[in-house]
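Input: a single structure, listed below in structure tokens.
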Amino acid sequence: MHMMRFDMRVPGKSAAEIADHYQAAIAMARWADEQGNFSICLSEHHASNDGYLPAPLILASSMAAVTSKLAITIAATLLPLYDPVRLAEEMIVLDHISRGRVSYVLGIGYRPDEYELFGLDFDRRGAIADEKLAKLMACFALAGNTENGARITPGSYTPGRPTIMWGGGSKPAARRAGRNGLGFLAQNNAPGMEEAYLMACRDAGFAPGPCLIPPPGMPSVVFVHPDPDQAWDEVGPHMLADALSYATWNEQAGLHASSLSKSKTVAELRAEQGAYRVVTVDEAVALIKQWGRLPLHPLCGGCPPALAWPYLQRVVDEVLPAAAIN
């Protein structure tokens with residue numbers, strides 16, 4: 001399963017160009033559904049001057065409406081910024097639209113600007129998350145059960161509730177997942193994360209769920225092209241824009257993840273051979289063999305749709321057949 005991620009960064013674009021990017025993302029989801037070996041991940045941030053996707057459930061609904069098999073994950077849904085009752089209702093409606101194909105990774109975020117926008121105390125984000133997670137889970141526990149006087153209706157399409165995990169890059173995040181009986185998706189491979197998760201599950205009396213720790217060295221943005229020089233000229237500036245934005249946010253938040261790019265130029269990003277990569281078909285096949293999937297970000301950093309489409313098509317036309325043979 002190869003994941004396509006969309007965060008809808010569109011730096012410097014006009015309103016018409018931004019609309020084109022949203023339509024392209026929906027079209028790419030429909031295309032991926034037809035291929036049968038892709039999934040979609042949508043990310044969320046607010047107060048971003050490059051238009052980073054602030055309403056992932058709406059885009060997920062649009063994608064779910066034009067697909068029938070495609071799995072869609074919203075990661076991360078920044079729970080403290082939501083009303084938990086309203087969020088439960090919207091998740092339930094989307095669960096029915098998608099017939100259970102949309103899952104969630106909840107998180108607290110790390111940018112003070114977002115909390116300021118919503119009038120929330122950034123220093124209380126952990127406590128706010130705990131309060132709202134408890135309310136959200138209570139909503140799902142009673143949803144659709146009118147005998148208990150529930151006013152959250154209807155119940156979800158997925159028995160119990162849509163699939164929910166907790167995500168983050170710290171031991172407190174791992175413990176929050178464990179003590180609430182949720183799976184955990186780590187943002188990094190810092191020591192002790194899995195142990196913290198398993199201990200919290202045990203202490204709260206829950207059987208551990210999935211605990212996904214990213215392996216060191218795995219790229220997160222891959223473009224495939226037979227001529228890497230040409231590809232870096234074409235998509236390198238867009239990958240650099242993405243890398244620089246994340247680096248600025250993490251620096252402002254005091255986060256220094258080892259996987260974070262330190263590059264300031266396209267040449268440096270290329271030499272880094274880290275999260276952002278351009279690979280040949282053979283190199284893409286090797287990545288699939290090593291990691292089991294190819295992480296794609298076709299509209300990364302505002303990459304124009306007309307430029308992005310051939311890179312996607314090349315994966316289906318050349319990479320996947322070669323991977324099957326090898």
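The values are calculated or read from the model by the stated rules, or taken from the named source; none is laboratory data. This is a predicted model, so every value here is computed, not measured. For neighbour counting, all protein chains shown are included, and Cβ atoms are generated from backbone atoms with ideal geometry for every residue, glycine included.
Could you check, for segment 73-81, whether at least one of its residues is of a type in the set (A, V, I, L, M), touching a helix residue (DSSP H, G or I) at 6+ places or on another chain (Cβ under 8 Å) and within 23 Å of residue 243 (Cβ to Cβ)? Checked against the condition, which is being of a type in the set (A, V, I, L, M), touching a helix residue (DSSP H, G or I) at 6+ places or on another chain (Cβ under 8 Å) and within 23 Å of residue 243 (Cβ to Cβ), segment 73-81 yields at least one hit.
Among the residues making up segment 202-215, those that are more than 24 Å from the chain's Cα centre (by Cα) and either among the aliphatic types (A, V, I, L, M) or assigned to a helix (DSSP H, G or I) (or both) are 202, 203, 204, 207.
Taken residue by residue, segment 115-124 has no member that is surrounded by fewer than 18 Cβ atoms within 10 Å (Cβ to Cβ), at pLDDT 95 or above and under 18 Å from the mean Cα position of the chain (by Cα). Any residue at all in segment 297-306 that is surrounded by fewer than 16 Cβ atoms within 10 Å (Cβ to Cβ) and outside the structural domain of residue 17 (by TED's automatic domain parsing)? So far as segment 297-306 goes, yes, one or more of its residues are surrounded by fewer than 16 Cβ atoms within 10 Å (Cβ to Cβ) and outside the structural domain of residue 17 (by TED's automatic domain parsing).
Can you pull out every residue in segment 71-89 that is within 26 Å of residue 1 (Cβ to Cβ) and either out of contact with any strand residue (DSSP E or B) (no Cβ under 8 Å at 6 or more places or on another chain) or of a type in the set (Val, Ile, Thr) (or both)? Across segment 71-89, the qualifying residues are 72, 73, 74, 77. Name every residue in segment 94-122 that is in a helix (DSSP H, G or I), under 24 Å from residue 251 (Cα atoms) and of a type in the set (A, V, I, L, M), in order of residue number. Selection gives 117 alone. Quick check, is residue 202 surrounded by fewer than 15 Cβ atoms within 10 Å (Cβ to Cβ), among the basic types (Lys, Arg) and at pLDDT below 95? No; evaluated as a whole, the condition is false for this residue. Restricting 113, 95, 83, 121 to residues that are in contact with a Pro (Cβ under 9 Å, 6 or more places away or on another chain) and of a type in the set (Asp, Glu) narrows the list to 95. As a summary of the residue check, residue 3 satisfies the conditions (1) touching a residue at least 40 places away in the same chain (Cβ under 8 Å); (2) in a helix (DSSP H, G or I); (3) under 25 Å from residue 166 (Cα atoms) except for the one numbered (2).
Within segment 145-170, residues that are over 18 Å from residue 107 (Cβ atoms) have Cβ atoms under 7 Å from residues that are modelled with pLDDT of 95 or more and acidic (Asp, Glu) in these pairs: 152/89; 156/95; 157/95; 158/95, counting only partners at least 6 apart in sequence or on another chain. Every condition in (1) surrounded by 16 or more Cβ atoms within 10 Å (Cβ to Cβ); (2) in contact (Cβ under 8 Å) with a residue 40 or more places away in the chain; (3) out of contact with any Lys or Arg (no Cβ under 6 Å at 6 or more places or on another chain) holds for residue 181 except the one numbered (2). Every condition in (1) under 12 Å from the mean Cα position of the chain (by Cα); (2) in a helix (DSSP H, G or I) is met by residue 91 except one, and the failing one is (1). The numbered conditions (1) assigned to a loop (DSSP other than H, G, I, E, B); (2) under 21 Å from residue 177 (Cβ atoms); (3) basic (Lys, Arg) are all true for residue 125 except (1). The one condition from (1) under 28 Å from residue 253 (Cβ atoms); (2) over 22 Å from the mean Cα position of the chain (by Cα) that residue 141 does not meet is (1). In segment 28-56, the residue that is surrounded by the fewest Cβ atoms within 10 Å (Cβ to Cβ) out of those that are touching a residue at least 40 places away in the same chain (Cβ under 8 Å) and part of a helix (DSSP H, G or I) is 35. Might you check whether a residue that is in a loop (DSSP other than H, G, I, E, B) and surrounded by 13 or more Cβ atoms within 10 Å (Cβ to Cβ) occurs anywhere in segment 221-240? Within segment 221-240, one or more residues are in a loop (DSSP other than H, G, I, E, B) and surrounded by 13 or more Cβ atoms within 10 Å (Cβ to Cβ). On the stretch given as segment 266-291, residues that are out of contact with any helix residue (DSSP H, G or I) (no Cβ under 6 Å at 6 or more places or on another chain), among the hydrophobic types (A, V, I, L, M, F, W, C) and either surrounded by fewer than 18 Cβ atoms within 10 Å (Cβ to Cβ) or not in a strand (DSSP E or B) (or both) total 6. Of all the criteria given as (1) surrounded by fewer than 14 Cβ atoms within 10 Å (Cβ to Cβ); (2) modelled with pLDDT of 95 or more, the one not satisfied by residue 148 is (2).
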